[in-house]
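This report refers to the structure that appears directly beneath it.
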Amino acid sequence: MQKRKLGADGPEIGAVGYGAMSFSDMYGPTNEAESHAVLDACRALGVTHLDTANVYGMGKSESAIGSYLRANPGARDDFVIATKATITRDAEGNRCFDNSAAHLERELDGSLKRLGLDCVDLFYAHRRDPRFTPEETAANLGRLVEKGKTRAIGLSEVAPATLRRAMKAFPIAAVQSEYSLSTRFPDLGLVQTCAELGVAMVAFSPVGRSLLTDNPIPAERIPQLPFLAGNPRFMEPNLSENMAITAAFRALAAEMGTPAAGLAIAWLLSRGPHVIPIPGTRSVAHLRDCMAGAALNLSPDDLARIEAVLPVGWAHGDRYSEEQWIGPERYC
């Protein structure tokens, strides 16, 4: 697989990583054996970057990676591992965010224990806590680099202005944001700012939460998946509209001889050498479909054909509900 750098001074990794939210039950039930099979496939396919978080299955995702590393001596050398923290609950049980130095270190210590590691390669603030300036958050994260608990730090779902300010306090290796043919707002400043500053742009949900694949999650399964059940793009009438529109994309991918997921990944890779998609899946077959995108070199004509079937703004419904929008920074 082609390589990309995880930040200006970071390690070279496979151009497409793996988003391990799928090791939780976010998109349907899974188990350790299935997760380990996906990690075996990652190694075989040259996928070297794993992205997880403390809240994915309340530690289940990190624990699956940790048990895999224990069962496969030497596997740690094959992976560049990132995790995240800051999403928590207040005394009344309400979802909130905490960017304090004490919280970040305590949560990272828990992640390291579940992963079975002394140090991760990248540690993100999962959401920005408005009680702290970007500079303060970066400084709090930076102390964990100085303590040897992470090799680099990152931010998730932040505005370009937040990134610029944070960089003044401590080097930011990566910014994570939802980015795909169905969610293109990062093109309005974040992709460009990351390129200017030498920051990796890590794109999660790169296949539109299944809409940009050959087998979108069927409507009858949506009510069983709490996040999607409350997501505007997966609620009627938006869901039917989005299924119909993306049918043309699936047809185009078939005409081009590639899985739809692979074509969606290849489009992201074309957006800049610093863009690193991290698709997630419980299926080895679907993982292979996604990784097919790393072998595609899209021509200007290919990109124009993709744009013709999925022009900017094609998706019906916002990417988040009002509740889901609490935390991510809106900047355009």
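Taken over the stretch 1-108, the alpha-carbon convex hull comes to 126 cubic angstrom per residue. Over all other residues within a Cβ to Cβ distance under 11 Å of His274, the charged ones net out to +2, with Lys and Arg as +1 and Asp and Glu as -1. Computed from backbone phi with θ = phi - 60° and the Karplus coefficients 6.51, -1.76 and 1.60, the 3J(HN,Hα) list for the stretch 178-192 is 5, 7, 6, 5, 9, 9, 10, 4, x, 5, 8, x, 6, 4, 5 Hz; x is used for glycine and proline. Put in order of Cβ neighbour count within 10 Å, fewest first, the listed residues Arg131, Arg184 become Arg131, Arg184. Taking DSSP loops as anything outside H, G, I, E and B, show the longest stretch in the chain free of GluC sites (Glu not before Pro) there with at most 11 other beta carbons within 10 Å. Formally, the longest exposed-site-free interval is 93-321. Model label sites at Ala71 and Ile326, defined 7 Å from Cα along the beta-carbon direction, differ in position by 3.7 nm. Ranked by how many other Cβ atoms sit within 10 Å of their own Cβ, fewest first, the residues Thr133, Thr213, Thr30 fall in the order Thr133, Thr30, Thr213. Under the simplified labelling scheme, the Lys3-Met58 pair shows an inter-label distance of 4.1 nm, with each label point 7 Å from Cα along Cα→Cβ. Compactness of the stretch 234-326 is given as radius of gyration and Dmax, 14.3, 40 Å, from Cα positions.
With each label modelled as a point 7 angstrom along the Cα→C-beta vector, the Ala33-Ala101 pair spans 4.8 nm. In this structure, the amide hydrogen of Tyr124, modeled 1.01 Å from its nitrogen in the peptide plane, lies closer than 5 angstrom to those of Thr83, Lys84, Ala85, Gly154, counting only residues at least 5 positions away or on a different chain. Proximity of backbone amide H atoms, modeled 1.01 Å from N, is registered between His49 and Gly14, Tyr18, Val80 at under 5 Å, excluding neighbours fewer than 5 places apart on the same chain. Relative to the first principal axis of the alpha-carbon coordinates of the chain, what is the inclination of helix 60-71, with its axis defined by its Cα atoms, in degrees from 0 to 90 and to the nearest 10? Value to nearest ten degrees: 80. Full extension of the segment from Asp109 to Asp301, taken as 0.36 nm per residue of separation minus the current Cα-Cα distance, would add 64.2 nm.
With bins 10 Å wide beginning at 0, the percent of Cα pairs of the stretch 123-259 falling in each bin runs 11, 32, 26, 21, 9, 0.
FRET efficiency for the Glu196 to Glu220 pair, using the beta carbon distance and R₀ = 41 Å, is estimated at 0.35. Computed extension length for Asn238-Ala251: 2.6 nm, one decimal, from 0.36 nm per residue of separation with the Cα-Cα distance subtracted.
Phi angles across the stretch 50-58 convert, under the Karplus curve 6.51 cos²θ - 1.76 cosθ + 1.60 with θ = phi - 60°, into 3J(HN,Hα) values of 10, 10, 9, 6, 5, 8, 6, x, 6 Hz, Gly and Pro given as x.
Summarising the strand pairing of the chain, around 25 percent of its internal DSSP beta bridges are antiparallel. Each listed q (0.13, 0.15, 0.26 Å⁻¹) maps to a log10 I(q)/I(0) for the stretch 88-141 from the Debye sum over equal C-alpha point scatterers, namely -0.35, -0.46, -1.08. When both the stretch 44-92 and the stretch 167-240 are represented by their alpha-carbon centers, they are found 20 Å apart.
Look at Leu108, Leu188, Leu155 and count the other Cβ atoms within 10 Å of each Cβ; fewest to most, that gives Leu188, Leu108, Leu155. The Rg/Rh ratio of the chain, with Rg taken over Cα atoms and Rh as the Kirkwood radius over Cα pairs, comes to 0.94.
Throughout, read-outs are computed from the coordinates displayed, never taken from laboratory work. Values in this document were obtained by computation on a predicted structure and should not be read as measured data. Neighbour counts are summed over all protein chains in view; Cβ atoms, including those assigned to glycine, are modelled from backbone coordinates with ideal geometry.
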